[in-house]
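Notes to accompany the following structure.
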Amino acid sequence: MSDDRRDDTDSNETTGELRDNTIDFGDEFGEVKFADSDDSAPAISVDSTDTAQLPHWSEQPTGESPRFGVQPRDPSKPGTRDASRPVREPSRPMSPPPVSRPAPEGRIRIGSDSTDQRARRASDTHPTMRDRTGDISRPVSRDRTADPSRPTVRDRSPRRPAPARPSQVRRARPDRGDSGTQPRPIGNDRNLSSAVIVGLVLVVLFVGTSFVGPAAVMALVMVVLAIAALEFFTQTSNRGLGAPMVVGVVACVAAPIAAYYMSHLAIAMVVVFAFIAGAVSLVGSNDDHSGAVTSLGTLMLGVVYIGLLGSYAGMILRMSTLSAALPNIGTDTLFIAVFAVAANDIGAYFVGSAIGRTPLKESISPNKTVEGVIGGTIATFCVVVILGLQSGTWDSLMEWIMLAAVVSIAAPIGDLLESVLKRSLGVKDFGTVLKGHGGVLDRFDGVLLSLPTVYFLAVTLTPWAS
């Protein structure tokens, strides 16, 4: 190719014509003139007027960069510009000058430059070096000052929890579900003054109706069982168990009435019809029937627990109507049974609060202790003897002992059973009718389980026959 170019040059020289080696690159670069074909001329022109050779490689550098020779533009030619005008370079964004920052404390610095803010890549293994934004590939560029509540790279000791503020400290309030291995102060889980007042009101009502006659006592029993049934089915309905409330409450009230005016056969009739009514309500409903077993089972639990067991109060009172010669055997028996249960509850509460250390059933109710059961048994026996001395129905020491024994066994079991039901439903009390006692069902839970045992003991011993 060089030979061809040389031939062209030679041909031009022979003809006396010189080839123009200037190329116009427009306004940006102007015209650039390349070297002539003469080999004796320098390969690169440092300046438009300087034809000197480039410095040898062994010479010292001058620090200047060579420039290609640019011919001055002819103002008369279009598309050219004046060589005196400086060539504008494309504008570039100006970067801000570096800011001197103090070296952060509490981090490892590599090198002697205290302003080196090299971004570190978040570590995948150490939690203190992980980027808070969740992107592990994002460099951590923020300033990490020493924080005493957060471990740094140097501090590898485990974090200690900050002390809780007084507002965050929750004091344990002893109730029926708290631990009762240590003696509890008397009256710390119930309003004792309110409980005493309400208890005295109940005693006055019960004693007054007992003097009136068995029918008046039966009316009081119906009211108590109706409220207890309403409390039970309200709590089960709030938990979504779906038991028909109307059927349950009506059955719990009808069972003692049928037992008092008819006989024990009427109790079975009420229970059977309650089951049929519950089945009809389930079959006729348009709701989802996936909880039919739970609904019907909850209904029958309430009917048996409150209605069936409570109906034995009607059976005991019915004994006063069987013979005109013995008009008080039913009222006396129910009177002694109710006060024996109350004495058992009060004695167990105060003795267990004072010296109780051994839980009776810690998984159910840790506050009920063995010492409390012993204290309740002693209180029950004392009350039965005192009331038996005033009664012409139960007038034998052996009968008093047996009556106190069955009450001392049945009453704590009934109390524990109610605690199991409350734990299952997740409630502390079934109701708030009786101030200081909770609901009616909470106060008469021991009575419900004691009524059938006292009735069967009475018809077995027949203490009035002697």
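The values are calculated or read from the model by the stated rules, or taken from the named source; none is laboratory data. Keep in mind that this is a model prediction, so the values were computed, not measured. Reconstructed Cβ throughout: ideal geometry from the backbone, glycine too, with neighbour counts over all protein chains shown.
Keeping to the range 378-407, report how many residues are among the polar types (S, T, N, Q) and either at pLDDT 95 or above or touching a Pro at 6+ places or on another chain (Cβ under 8 Å) (or both).
Step one: of the range 378-407, the residues among the polar types (S, T, N, Q) are 380, 390-391, 393, 396.
Checking which are either at pLDDT 95 or above or touching a Pro at 6+ places or on another chain (Cβ under 8 Å) (or both) leaves us with 380, 393, 396.
Within the range 378-407, residues that are among the polar types (S, T, N, Q) and either at pLDDT 95 or above or touching a Pro at 6+ places or on another chain (Cβ under 8 Å) (or both) number 3.
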Checklist entry - Of all residues in the range 435-466 being of a type in the set (Phe, Trp, Tyr) and more than 16 Å from ILE346 (Cα to Cα), which is farthest from the chain's Cα centre (by Cα)? => result TRP464
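Has the range 294-308 got any residue that is over 30 Å from TYR261 (Cα atoms), at pLDDT below 90, polar (S, T, N, Q) and under 33 Å from the mean Cα position of the chain (by Cα)? If you could, list the steps in order and put the result at the bottom.
Looking only at the range 294-308, we keep the residues that are over 30 Å from TYR261 (Cα atoms), and these are 294-295.
When the remaining residues are screened for being at pLDDT below 90, the result is none.
The answer is no, given that none of the residues of the range 294-308 is over 30 Å from TYR261 (Cα atoms), at pLDDT below 90, polar (S, T, N, Q) and under 33 Å from the mean Cα position of the chain (by Cα).
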Checklist entry - Of the conditions (1) more than 21 Å from ALA465 (Cα to Cα); (2) out of contact with any Gly (no Cβ under 8 Å at 6 or more places or on another chain); (3) part of a loop (DSSP other than H, G, I, E, B), THR432 fails just one. Which one is it? => result (2)
Item to check | Residue among LEU296, LEU282, LEU360, LEU309 that alone is assigned to a helix (DSSP H, G or I) and under 22 Å from VAL447 (Cα atoms) | outcome: LEU309
Checklist entry - Is it the case that some residue within the range 347-359 is out of contact with any strand residue (DSSP E or B) (no Cβ under 6 Å at 6 or more places or on another chain), among the β-branched types (Val, Ile, Thr), crowded, with 24+ Cβ neighbours inside 10 Å and without any contact (Cβ under 8 Å) to a residue 60 or more places away in the chain? => result no
Next on the checklist: Looking at SER320 and the list (1) part of a helix (DSSP H, G or I); (2) over 23 Å from LEU421 (Cα atoms); (3) touching a Leu at 6+ places or on another chain (Cβ under 7 Å), which single condition is not satisfied?
Outcome noted: (3)
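Could we say that PRO244 is in contact with a Lys or Arg (Cβ under 8 Å, 6 or more places away or on another chain), of a type outside the set (A, V, I, L, M, F, W, C) and modelled with pLDDT under 95 here?
Against the criterion (in contact with a Lys or Arg (Cβ under 8 Å, 6 or more places away or on another chain), of a type outside the set (A, V, I, L, M, F, W, C) and modelled with pLDDT under 95), PRO244 does not qualify.
Out of ALA255, ALA279, ALA268, ALA219, which single residue is surrounded by fewer than 22 Cβ atoms within 10 Å (Cβ to Cβ), within 19 Å of THR321 (Cβ to Cβ) and more than 31 Å from the chain's Cα centre (by Cα)? Quick ask: steps written out before the conclusion?
On the way: ALA255 fails: surrounded by fewer than 22 Cβ atoms within 10 Å (Cβ to Cβ); ALA279 fails: within 19 Å of THR321 (Cβ to Cβ); ALA268 fails: within 19 Å of THR321 (Cβ to Cβ).
Result: ALA219 is the single residue among ALA255, ALA279, ALA268, ALA219 that is surrounded by fewer than 22 Cβ atoms within 10 Å (Cβ to Cβ), within 19 Å of THR321 (Cβ to Cβ) and more than 31 Å from the chain's Cα centre (by Cα).
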Checklist entry - When you scan the range 399-429, how many residues do you find that are in contact with a strand residue (DSSP E or B) (Cβ under 8 Å, 6 or more places away or on another chain), touching a residue at least 60 places away in the same chain (Cβ under 8 Å) and not in a helix (DSSP H, G or I)? => result 1
Checklist entry - Yes or no: LEU225 over 22 Å from THR294 (Cα atoms), surrounded by 22 or more Cβ atoms within 10 Å (Cβ to Cβ) and of a type outside the set (Lys, Arg)? => result yes
